[in-house]
Amino acid sequence: MTDKRVAAAERLAAHPAWIELDKAALVANLNEVRLRIGDGVQVIASVKANAYGHGIVPVARALAASGVDMLATGSFGEAMAIRDAGITTPVLMLAGALPSAMETLGNHDLIPTVFNQETADSAAGLGGRPTAVFVKVDCGLGRVGVTLDQAFRFIAQLAARPEIDVAGIYTHLSFKDAASMVWAKERLGLFYALVRDLKAAGIDPPVTQALASSALLIGWRDDLSAVCPGHVLYGLSPVVGDLAGIAPFRPVLRAIKARVIHIGDHSAGPVPGSGGYHRLRQGRRTAVVPCGLNDGYRPARPGQSAAVLCQSRRLAVLGVSLEHLTFDVPDDLELSLGDTVVLAGSDGPESISLAELAAWQGTTPATALVTLGAGLPVLDSY
Ligand SMILES: *Cc1c(COP(=O)(O)O)cnc(C)c1O
């Protein structure tokens, strides 16, 4: 056992709540993307937001082992975690740094994105060599990037500087429904025109990229050299309604689990005047797992009721507090300290999907998991 494993085992004994991944599904989803884009197109895997809550290191490791061309993240800490794990796949830093950070990114072998004059100037000539940078173009999302009307001039000026190597140009145009799909298609056309104009001017960066999950889900392809999917790699859908089903992409979240740390026997009845969980419980017993707000588990919205699975049964969640989740224990259920409870995933014939959990919380599956992934450890093997 390595020191790291001992530390993880100690952490789990002290705080038994965790996330389990289906890494085979992750690899299958990557291969499905490859199938859709055809040979010769690179996959830049978006692992931002702690790999959409799935755990940056296990996800990056599995993608790297499957030969993904590049990893993209917005988080410097997560980029460093990738490098500390010994993963040598190129890492693109999606826009999100101050000019003063460019040198740090370069020192750690991370590819900076430049999106204004200041980031470009600070990135130029790091380490006495031409700095490989990606340029982000804002085609209308209205977030980060050089605007489309300024992009040609900006990129042409960068390409002319010997201390800068324009290694990539990309944009991001995700869409949720049919109306925004039509809009995204129109804006994408303008990005393709920019790439053509640059090429005609002799500027032809090795990486050009515009398509993300929503486009790949509905089967779009283009002539650029790379795609940058996030959601679909994890089996999450960025679109709503009937625009496209997520199949054949599979959920990478296998389960969220926790162990029972306390069983309360309330046979003697509540203390007079007390409220709390006594008014809510059906049985005489309640049980607690250490997965509360601090672990990213949000309480159900008014009118919704959450459940957990134990011994293939659905048990009602009575309450979620800062560090605890308390649930009802039916009188006929034999429950012991340390028993495993499923907060999401399958247990015999019963299952709680991430979508169901998110619906209780009044949020999207991706939002629910980013929050849970920030609080819970991801087990690498089980
Ligand atoms: C997040 C992001 C992606 C991935 O988007 P998904 O919709 O999750 O596939 C691609 N490109 C850029 C620039 C991004 O920021």
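For this structure, a couple of remarks:
- Any hit, region 268-291, residues being under 29 Å from VAL47 (Cβ atoms), of a type outside the set (D, E, K, R) and either part of a loop (DSSP other than H, G, I, E, B) or under 23 Å from the mean Cα position of the chain (by Cα) (or both): yes
- Taken together, the criteria exclude ALA85 from residues that are modelled with pLDDT of 95 or more, buried (at least 17 other Cβ atoms within 10 Å of the Cβ) and assigned by TED's automatic domain parsing to the domain that holds GLY230.
- Scope region 340-371; condition open to solvent by less than 40 Å² (accessible area, probe 1.4 Å) and under 20 Å from ALA287 (Cβ atoms); matching residues: VAL341, VAL342, LEU343, ALA344, GLY345, ASP347, ILE352, LEU357, TRP360
- SER46 vs. criteria open to solvent by 30 Å² or more (accessible area, probe 1.4 Å) and either modelled with pLDDT under 95 or touching a Gly at 6+ places or on another chain (Cβ under 6 Å) (or both): no
- Selection from region 36-86 of residues that are touching a Cys at 6+ places or on another chain (Cβ under 7 Å) and not hydroxyl-bearing (Ser, Thr, Tyr): ILE44, ALA72
- Contact map, region 320-342: first residue outside the structural domain of ARG279 (by TED's automatic domain parsing), second residue assigned to a strand (DSSP E or B) and buried (at least 18 other Cβ atoms within 10 Å of the Cβ), Cβ cut-off under 8 Å, separation 6 or more or different chains; the map is empty.
- Here the condition is being out of contact with any Lys or Arg (no Cβ under 8 Å at 6 or more places or on another chain), farther than 30 Å from VAL68 by Cα and of a type in the set (Asp, Glu); of ASP223, ASP295, ASP265, it holds for ASP295 alone.
- Qualifying residue in region 177-189 (condition: within 12 Å of the ligand (Cβ to nearest atom) and not hydroxyl-bearing (Ser, Thr, Tyr)): yes
- Flag if GLY77 is open to solvent by less than 40 Å² (accessible area, probe 1.4 Å) and within 23 Å of VAL144 (Cβ to Cβ): no
- The set of residues from region 231-259 being under 14 Å from the mean Cα position of the chain (by Cα) and either within 13 Å of the ligand (Cβ to nearest atom) or open to solvent by less than 20 Å² (accessible area, probe 1.4 Å) (or both) comprises HIS231, VAL232, LEU233, TYR234, GLY235, LEU236, SER237, PRO238, VAL252.
- Any hit, region 287-297, residues being more than 20 Å from ALA13 (Cα to Cα), in contact (Cβ under 8 Å) with a residue 40 or more places away in the chain and touching a Gly at 6+ places or on another chain (Cβ under 6 Å): no
- Residues being within 16 Å of the ligand (Cβ to nearest atom) and part of a helix (DSSP H, G or I) - total across region 37-81: 13
The values are calculated or read from the model by the stated rules, or taken from the named source; none is laboratory data. Note that this is a predicted model, so its numbers are computed, not measured. So basically every Cβ, Gly included, is an ideal-geometry build from the backbone, and we count neighbours across all protein chains shown. Areas reflect the complete protein model, heavy atoms only, side chains present, ligands, DNA and RNA absent. Shrake-Rupley method; radii C 1.70, N 1.55, O 1.52, S 1.80 Å.
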